[in-house]
1. Only bridges whose two residues both fall in the chain count here: according to DSSP, what percent of them are antiparallel, nearest 5?
2. So what's the angle, to the nearest 10 degrees on a 0 to 90 scale, between helix 99-109 and the longest Cα principal axis of the chain?
3. If one takes the longest principal axis of the Cα atoms in the chain, at what angle in degrees, from 0 to 90 and to the nearest 10, does the Cα axis of helix 242-278 lie?
4. Per residue and in Å³, how big is the convex hull formed by the alpha-carbon atoms of region 297-397?
5. Quick one: with all protein chains in place, what share of the accessible area of the chain is carbon or sulfur, to the nearest percent (1.4 Å probe)?
6. What whole-number value in Å² describes the accessible area per residue of region 1-122 for a 1.4 Å probe?
7. Kindly state, to the nearest 0.05, the FRET efficiency for ASN278 paired with ALA20, given R0 = 30 Å and r defined as their beta-carbon distance.
8. Normalised by the residues of region 74-169, what does the relative contact order come to in percent, with Cα pairs under 8 Å and at least six apart?
Amino acid sequence: MAIDFTLEPHLADLRERTAAFVRETVLPAEEALLASQAAPDDGLRARLQQAAREAGLFAPTVAAELGGLGLDMRGQSVVLEEAGYSLLGPLALNCAAPDEGNMHLLEKAATPAQRERFLRPLAAGQVRSCFGMTEPAPGAGSDPAQLTTTARQDGDEWVIDGLKRFITGADGAAFAIVMARTGGGDRSPEATMFLVPTDTPGYTLERHMPTLDNGFVGGHCELRFDGLRVGDNAVLGEPGKGFAYAQIRLAPARLTHCMRWLGVARHAHDIAVRYAANRTAFGSRLGDLGMTQAHIADSEIDLAAGRALIREAAWVLDTGASGKRETSIAKTFVAEAVGRVVDRSIQICGGLGVSGDLPLAAYLREVRAFRIYDGPSEVHRWSLARRAIRAARQGGA
């Protein structure tokens, strides 16, 4: 089956309307936020999301029955890149991490009662959520098999104990999706996902973790579960299948990250090109100098290649395939490409690039972490290489 990247008229219109909304409404809010050196909060989120509702752009990744636009992955790749042109664009459209990935997971795995209690208000932007997987060493990080948080059955309840770290959006979240070990051996553990309201006794937000990036509402936090009790109705999906459900969330979530960050990189590139077109140095415009042109050309290549990989992976996911290989390739390349593009943009803009007068320095802080989120580049390369070697051995090569 051929891959067709042609945009239908309604999708092209949605792209243009999203681009206009981001430039006219969201970028001014981003400029004010960066000038204040503050993190986005729920007040800003509510104002921007109301504006997105009024513009008919709210919740592009959510099913129409839940009030969203119901876009497939290919459609999301178009709209989320435009949303990502500002750090606040995905927040405004309610397609930012971690809520976007959690909504996808809940649509796939939640019971009807869980959908009403957790998914519907999340899709409407009435609440936020977080996803509790990562733990301090020696717990789960890049290797989820090292999960140390446990959940044991006690009658018709589950008792959860453990410590989670780098939990994005935890401060102010209404609920967490918590991964806990519920059986199995050290290298082949069984895990279960639980839907845990954050006001449950035994749930403690220990602290905010200082990090390089500052663009997520609710920060990155450390959570402690101490004898936390939930009922059987808190289990998301089936007990013991948490790792399988994590894969349902992971491939689309890593790809939507790529879509959003590609938009940030494109904005950085646009700033640099405009600067180079007008700034003079050594008797020429900066953009007429060969080394500047090389930077610009390399960024054009990175942006085009990243977009192509994203859309190919989106197409694969839309066919119903797992897309593990394609999303892993896209995530590795795009995470590194956006860093290169933003870094080149700063270099072109010189002193202004590292100042607060442009958003480039803030963009660099935000995109650097993407090489770690959703699996470090090294883990993806290891996985891709293992898959290629295994296929060669099975084929007798």
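The values are calculated or read from the model by the stated rules, or taken from the named source; none is laboratory data. The model shown is predicted, which means the values in this text are computed figures rather than measured ones. In this analysis, Cβ positions are derived from the backbone assuming ideal geometry, glycine residues included, and neighbour counts consider all displayed protein chains. For accessibility, only protein heavy atoms count, side chains too; no ligands or nucleic acids. Shrake-Rupley method; radii C 1.70, N 1.55, O 1.52, S 1.80 Å.
1. On the way: 32 of 37 bridges.
Of all bridge pairs located within the chain, approximately 85 percent are antiparallel.
2. 40 degrees
3. On a 0 to 90 degree scale, this one is about 20.
4. Value for region 297-397: 115 Å³ per residue.
5. Working: 9160 of 17470 Å².
For the chain, the apolar C and S fraction of the accessible surface comes to 52 percent.
6. Details: 5200 Å² over 122 residues.
With all protein chains present, region 1-122 gives 43 Å² per residue.
7. Numbers: r = 24 Å, r/R0 = 0.81.
Efficiency, from the Cβ-Cβ distance: 0.80.
8. Working: 90 pairs, mean separation 19.6, N = 96.
The value is 20 percent.
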